[in-house]
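The values are calculated or read from the model by the stated rules, or taken from the named source; none is laboratory data. Given the structure is predicted, the values throughout are model-derived calculations rather than measurements. Don't worry about glycine lacking a Cβ; one is built from the backbone with ideal geometry, like all the others, and counts go over all protein chains shown.
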Amino acid sequence: MPDSRLTGRPKMPQRSVAERIRDFNEVPVGLPEWAAVDEARRCLQCKKPGCMKGCPVEIDIPGFIGLLAQGKFDAAVAKIKEKNSLPAICGRVCPQEEQCENVCVLGKKGQPIAVGYLERFLADYERDKGIGAPEIPTSNGRKVGIIGSGPSGLTCAGDLAKIGYRVTIFEALHAAGGVLVYGIPEFRLPKAIVAQEVNFVKSLGVDLEVSTVIGKTLTLEDLKDDGYEAFFIGSGAGLPHFMNLPGENLNGIYSANEFLTRSNLMKAFRFPQYDTPIKIGRKVAVIGGGNVAMDSARTALRLGAEEVCLIYRRTKKEMPARIEEAERAEEEGINCMILTNPVRFIGNDNKWLRGVECIQMELGEPDESGRRRPVPVPGSEFVIPVDTLVVAIGQGPNPLLLETLPDLQLNRRGYIVIDEETGATSIPGVFAGGDIVTGAATVISAMGAGKKAARSIDHYLLRK
């Protein structure tokens with residue numbers, strides 16, 4: 001008889017396709033209490049847990065799961081928050097399947113513990129109960145500036161505040177959260193959840209200044225004059241990449257940055273209640289195969305598109321999007337056109353997009369990413385009729401701050417060069433992490449970078 005500990009992993013309950021494609025409400029609804037406790041009891045409580053090595057923010061995974069299995073929910077939440085100030089976010093968008101769950105012992109012969117589902121259950125339990133005010137440590141009086149309120153900045157700020165630093169986050173936009181508010185749609189990460197997590201970080205004693213562009217509104221020198229002794233740059237990679245193809249300036253073509261920012265941060269999906277319109281045609285195409293492409297395609301569907309397709313130059317196997325999100329997109333009717341690459345965009349006499357000419361691809365030898373390089377098939381061109389298109393092929397570093405720091409070392413792609421062990425940049429007292437260093441990556445990897453930098457900033461200031 002099979003061991004139930006190996007086979008008993010629950011499925012995440014979610015809303016029906018017919019219901020969810022009509023609105024922007026969250027798709028997964030979370031585990032019921034009995035399922036969360038049962039799943040926690042499958043954990044083997046390994047003496048040398050590999051799952052912790054797979055967690056960039058160093059959560060005591062067996063510790064919180066063991067407490068959950070005993071029904072000690074409050075203690076389990078507290079155990080998570082020893083290391084992670086953003087559990088409701090991580091439980092929703094962290095790719096646990098590639099990290100902690102990927103090294104779970106149970107996964108060798110069966111199914112790994114659903115770590116992400118359990119973290120989300122506990123975070124939602126705490127929110128429903130009411131998040132209590134944390135104990136604020138005595139301030140040491142030393143000031144640290146955090147540039148950017150995305151996942152790396154929030155994590156760095158929270159960790160520094162917990163050990164007594166006076167921390168201020170400077171955010172260029174009018175709302176805190178970075179990519180969590182402008183990039184990830186409501187149906188995957190409700191903005192009320194982000195606001196809750198931001199408020200928790202603020203409750204640790206962190207100050208937040210929005211609509212403040214460091215490099216324009218204020219410079220690092222201004223902040224140094226105001227008593228700030230160290231800085232963390234977590235300003236993200238917000239510069240959209242395009243394909244430089246003929247016709248790319250036609251009306252009806254968006255960058256994923258603009259498309260998702262209009263919908264998520266500026267609430268275009270609630271037009272005219274919010275005064276940010278977004279034009280969507282009947283037939284929409286999205287170029288790319290990552291999470292941003294999936295988010296764009298599913299957003300277009302909810303905004304009223306009749307047909308939505310993804311154009312991706314490799315196969316589904318090489319897609320960088322989370323498997324769970326790709327499956328949901330397919331369930332919702334998104335047509336994935338694999339081994340397909342655009343070559344030009346076709347418009348009408350009024351310069352509005354009417355089609356995209358593509359060429360079929362085949363996979364050749366692996367490139368520097370380790371994935372097989374797509375190669376065009378001669379003579380295989382064809383046209384897809386579309387009237388709206390979203391380019392979701394990646395982003396570059398936000399240049400606003402970097403242009404004001406001539407002594408800051410950048411790599412050939414324009415990202416900040418850091419010491420991998422400490423997060424230190426070429427400027428003493430300035431640290432960096434997240435997408436501004438790595439390019440577009442995962443929320444949890446950015447949080448890990450923020451945690452590492454907080455530890456290094458503390459060491460730096462103690463020696464100063």
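Annotations
- Among the residues listed as PRO2, PRO62, PRO49, PRO13, the single one being at pLDDT below 95 and either crowded, with 17+ Cβ neighbours inside 10 Å or within 19 Å of ILE323 (Cα to Cα) (or both): PRO49
Let's see how each residue does on (1) out of contact with any Gly (no Cβ under 7 Å at 6 or more places or on another chain); (2) assigned by TED's automatic domain parsing to the domain that holds ALA114; (3) touching a residue at least 60 places away in the same chain (Cβ under 8 Å); (4) assigned to a helix (DSSP H, G or I):
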| residue | (1), (2), (3), (4) |
| --- | --- |
| GLU26 | yes, yes, yes, no |
| ALA35 | yes, yes, no, yes |
| VAL57 | no, yes, yes, no |
| PHE64 | yes, yes, no, yes |
| LEU67 | yes, yes, no, yes |
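- Residue among ALA453, ALA424 that alone is more than 30 Å from VAL308 (Cα to Cα) and crowded, with 22+ Cβ neighbours inside 10 Å: ALA453
- The strands (runs of 3 or more DSSP E) found entirely in the stretch 196-261 that carry 3 or more residues being in the same structural domain as GLY347 (by TED's automatic domain parsing) are 253-255.
- Qualifying residue in the stretch 161-179 (condition: surrounded by 20 or more Cβ atoms within 10 Å (Cβ to Cβ), part of a helix (DSSP H, G or I), touching a helix residue (DSSP H, G or I) at 6+ places or on another chain (Cβ under 6 Å) and not assigned by TED's automatic domain parsing to the domain that holds PRO56): no
- Of the numbered criteria (1) touching a strand residue (DSSP E or B) at 6+ places or on another chain (Cβ under 7 Å); (2) of a type in the set (Gly, Ala, Ser); (3) buried (at least 20 other Cβ atoms within 10 Å of the Cβ), the one GLY141 fails is (3).
- Test: residue in the stretch 48-55 that is touching a Cys at 6+ places or on another chain (Cβ under 9 Å), basic (Lys, Arg) and assigned to a helix (DSSP H, G or I): yes
- The criterion of at least 1 residues that are among the acidic types (Asp, Glu) is met by the following strands (runs of 3 or more DSSP E) wholly inside the stretch 353-464: 353-366.
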